[in-house]
Amino acid sequence: MNLIDRDRSFVWHPFTQQKNMIAPIAVAKAKGSLLFDENNNSYIDAISSWWVNIHGHANEYIAQKIYEQALTLEHIIFAGFTHEPAVTLAERLLKILPGSFSKIFYSDDGSTSTEVAIKMAIQYWWNQSLVNSEQLTVSRNKILAFTNAYHGDTFGAMSVSDRSVFTLAFHDVLMEVIFIDTPDEANINPIKEEIAQHADSIAAFIYEPLVQGAGGMKMYNATLLDELLHFIKEKNIICIADEVMTGFGRTGKMFASEHLQTKPDIVCLSKGLTGGTMALGVTACTENIYNAFVNDDALKTFFHGHSFTANPLSCAAANASLDLFEKNNVFENIHHIEQKNIALAQQLRQLNGIKNVRVLGTILAFEIEQGDDVYLNSISQTIIQKALDKNVYLRPLGNTVYIMPPYCITDEELDKVYAVLLECI
Ligand SMILES: *Cc1c(COP(=O)(O)O)cnc(C)c1O
């Protein structure tokens with residue numbers, strides 16, 4: 001059997017209806033922005049392999065660091081043990097994170113990083129309310145989140161994500177969440193009133209700063225988000241910035257929260273954290289949150305951890321990715337891509353058949369005016385196929401077409417992506 005037939009026989013793919021599934025492309029290798037299939041056809045990875053890859057594929061520097069780490073210490077339980085790559089990474093992240101964070105908690109991926117944040121926030125309030133092991137006072141346990149949000153696929157992360165086709169089968173078993181719309185001039189005051197009504201029961205507010213990724217690359221106003229965050233913080237609600245997608249340069253700054261005055265109490269990171277090479281999640285918190293767990297009472301312990309918490313190979317990859325930010329002028333590339341995106345956007349706005357052309361950092365997005373603005377809009381399949389035929393990999397979210405390339409993409413490659421985009425529409 002060839003690889004595709006073996007895949008058909010034995011493998012189940014994510015976010016994929018297996019019936020009548022288009023044959024997957026068997027990628028034999030990748031380099032920089034390019035993916036190569038078994039016949040050595042190349043495709044430009046215009047979405048950074050589901051938004052994770054920032055320095056390009058098969059980066060030699062990161063590969064070398066992972067290799068050296070694998071020969072030294074591949075993995076160790078992280079309760080009762082520690083290691084250099086995890087401590088170094090924590091120190092380095094705490095120096096660059098937007099806000100005053102004091103501790104790094106490791107997990108496995110984006111979903112676990114938000115799951116940890118939600119549990120941390122709810123237990124923060126529970127710990128406050130715990131008088132002794134028999135007595136509890138009222139605690140805060142509701143989560144506030146944005147409509148159209150996406151925070152991951154595990155149960156807690158799914159609960160705080162908007163109700164959609166992704167979550168439909170599980171509505172009866174998800175946590176209760178208070179959803180508010182992203183702020184605009186017209187709705188911000190009613191939103192504040194709604195929050196004020198429930199404030200005493202809300203443990204935390206989770207948000208994707210400036211751009212809602214899986215919800216359709218929806219970009220929203222930074223000034224109004226700032227105003228809302230300021231209001232929410234005044235109500236002592238813990239602010240959780242989910243920077244899983246926006247972290248590490250995507251929005252033109254290292255973290256999207258740098259565009260805002262009001263800083264979060266908790267930050268979630270993954271995707272670009274290891275340069276897109278290894279799975280790793282990070283949840284950073286403030287000293288105040290951490291202190292609520294430091295106690296003689298064992299019940300106030302944060303009982304959470306994964307087998308691969310702080311995996312040394314992943315931590316080594318993340319340290320290597322940060323090295324690349326320091327050694328190479330990565331932000332020059334990011335700003336260059338943003339300038340080119342802005343120029344393309346101006347061109348796109350002249351065209352019929354598309355709407356809402358928008359740019360933030362290395363992300364460019366717009367909607368095709370055909371069918372409804374929904375994830376299941378089948379135009380995505382048509383565009384994926386058309387672009388692949390022209391050696392570019394795109395993966396629209398329904399009728400939302402976007403690009404989010406690795407920062408090492410060359411001008412020639414980016415121009416090719418643009419040309420294919422224009423041809424497709
Ligand atoms: C992708 C994503 C997640 C989930 O991360 P996984 O690594 O896929 O579990 C969470 N939050 C945001 C904002 C994301 O974009």
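Some values worked out for this structure:
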read-out: Cα convex hull of region 152-246 - mean projected area over all directions, nm²; value: 6.3 nm²
read-out: Check: the chain dipole with +1 on Lys, Arg Cβ and -1 on Asp, Glu Cβ, in debye; value: 320 debye
read-out: Per residue, in Å², the accessible surface of region 66-326 once ligands and nucleic acids are set aside, probe 1.4 Å; value: 42 Å²
read-out: Efficiency of FRET between Arg8 and Phe81 - r from beta-carbon atoms, R0 45 angstrom, step 0.05; value: 0.60
read-out: Positive-end residue, the chain charge dipole about Cα centroid, Cβ charges, pick of Met219, Leu394, Asn377; value: Leu394
read-out: Range of Cα positions in the chain per principal axis (Å), largest first; value: 66, 57, 45
read-out: Of all DSSP beta bridges in the chain, antiparallel share, percent nearest 5; value: 65 percent
read-out: Neighbourhood net charge (13 Å Cβ-Cβ; Lys/Arg +1, Asp/Glu -1) for Val160; value: -3
read-out: FRET efficiency estimate (nearest 0.05) - Cβ-Cβ, Asp181 to Asn20, R0 41 angstrom; value: 0.70
read-out: Leading residue at positive end of dipole, region 117-235 (Cβ point charges), from Gln128, Ile232, Leu210; value: Gln128
read-out: Ranked by how many other beta carbons lie within 10 Å on average, peptides 13-24, 411-422 from highest; value: 411-422, 13-24
read-out: Rounded percent of accessible protein surface that carbon and sulfur make up, region 66-326, 1.4 Å probe; value: 53 percent
read-out: P(r), alpha carbons of region 260-308 - 10 Å bins starting at zero, rounded %; value: 20, 37, 32, 11
read-out: Protection proxy ranking, peptides 402-410, 85-93, average beta carbon neighbours within 10 Å, highest first; value: 402-410, 85-93
read-out: Set Lys95/Lys416; Lys218/Lys416; Lys19/Lys390 screened for pairs whose C-alpha atoms are more than 31 Å apart; value: Lys95/Lys416
read-out: Distance from region 190-208 to region 16-93 (C-alpha centre basis), Å; value: 38 Å
read-out: Per-residue [θ]222 nm for the chain (sum of -39500 (n - 2.57) over DSSP H runs n ≥ 4, rounded to 500); value: -11000 deg cm²/dmol
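The values are calculated or read from the model by the stated rules, or taken from the named source; none is laboratory data. Being a predicted model, the structure only gives us computed values, none of them experimental. Cβ sites come from the backbone with ideal geometry, for glycine too, and all protein chains shown count toward neighbours. The accessibility values were calculated without ligands, DNA or RNA, using every heavy atom of the protein model including side chains. Shrake-Rupley method; radii C 1.70, N 1.55, O 1.52, S 1.80 Å.
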